[in-house]
Amino acid sequence: MRVSTFLMMPTSSIAFTHNSKHFYHIMNGKIRHKFSSTSWQHNAPGGWYFVSVPEDIAKEIRENLKWQEEGWGRLKAAAKIGNTHWDTAIWFDTKRNTYLLPLKADIRKKENIEIGLNVAVTIWV
């Protein structure tokens with residue numbers, strides 16, 4: 001079943017589906033994806049910190065939700081690392097062929113995230 005099938009459901013609906021690789025929990029029109037990724041910093045002076053969405057998850061998100069992207073591949077999202085939950089966006093990076101989740105300084109401080117740390121992430125898109 002394609003993810004886009006669920007986007008027309010009322011916002012209070014909850015649904016479960018799966019494909020060959022993922023199990024989805026869909027609530028309030030958002031699809032939850034859980035993964036682990038290593039934190040890294042862009043190589044520019046004062047560069048932002050990110051975690052990269054695994055390519056198989058990014059591919060599925062892009063195939064189904066690209067039409068919702070705003071400028072520069074921006075897709076509204078919510079994220080959770082540890083006990084910290086925030087509204088954010090993921091950005092599609094054509095060089096890495098995946099979405100990037102930016103990690104603001106306050107998120108990194110609250111969750112003690114440093115460069116090279118493997119981080120458990122949940123995003124809702």
* To do: Anything over 24 Å Cα to Cα? Flag those among 66/109; 59/95; 30/59, in the order listed.
  => 66/109
* **Label-point gap, in nm, between residue 97 and residue 74 - each point 7 angstrom along Cα→Cβ** => 2.7
* Asked: When Lys and Arg each count +1 and Asp and Glu each count -1, what net charge do the other residues less than 15 Å away from residue 46, Cβ to Cβ, add up to?
  -> +2
* Asked: residue 75: net charge of surrounding residues, Cβ under 14 Å, Lys/Arg +1, Asp/Glu -1, itself excluded?
  -> 0
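Throughout, read-outs are computed from the coordinates displayed, never taken from laboratory work. All values reported here derive from a predicted model rather than from experimental measurement. Cβ sites come from the backbone with ideal geometry, for glycine too, and all protein chains shown count toward neighbours.
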